1. Would you list which lysines come within 30 Å of LYS19, measuring only between C-alpha atoms, while excluding same-chain residues fewer than 8 positions from it?
2. Tell me the Rg and the Dmax, in Å, that the Cα atoms of the stretch 42-96 produce.
3. When DSSP beta bridges are limited to those with both residues in the chain, what percentage is antiparallel, rounded to the nearest 5?
4. Please express the shape of the chain as an equivalent ellipsoid: the semi-axes are the square roots of 5 times the eigenvalues of the C-alpha gyration tensor, given largest first in whole angstrom.
5. Could you tell me what percent of the accessible area of the chain is made up of carbon and sulfur, with a 1.4 Å probe and every protein chain present?
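The values are calculated or read from the model by the stated rules, or taken from the named source; none is laboratory data. Fair warning: this is a prediction, and the values are worked out from it, not measured in the lab. In case anyone asks, the SASA skips ligands and DNA or RNA and just uses the protein heavy atoms, side chains included. Shrake-Rupley method; radii C 1.70, N 1.55, O 1.52, S 1.80 Å.
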Amino acid sequence: MFKQHPREIADLLRVYIRKNGLETPLLQRRLIEAWDEVVDRVTAAYTEEKSIRNQTLWVKISSPAVRSELQMKRTNIIIELNKKVGADVITEIKIY
């Protein structure tokens, strides 16, 4: 007879996601979705595009003033975004 070792579904999903190489894309997606929560409303309103390549978050901002202000806050935003996701997903933010 088989011995059953019950496991929680969350644990099984975590193992499946990691085993199939889906963990990084999932964390990247969560980080991009967290952008509006981490930055202020004005910055979120002027944000046009967001993408992640090579641990760098690329953000297109339509306002030069907001872009300039964001340059000064980059380090804190990186920390807050990674904390929100629970992993070190990005190491840099490039604003264009």
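1. Partners found: LYS3, LYS50, LYS83, LYS84.
2. Final numbers for Rg and Dmax: 10.8, 31 Å.
3. Values: 6 of 10 bridges.
If we restrict to bridges inside the chain, about 60 percent are antiparallel.
4. 36, 12, 10
5. Values: 3760 of 7280 Å².
Percent of accessible area from carbon and sulfur atoms in the chain: 52.
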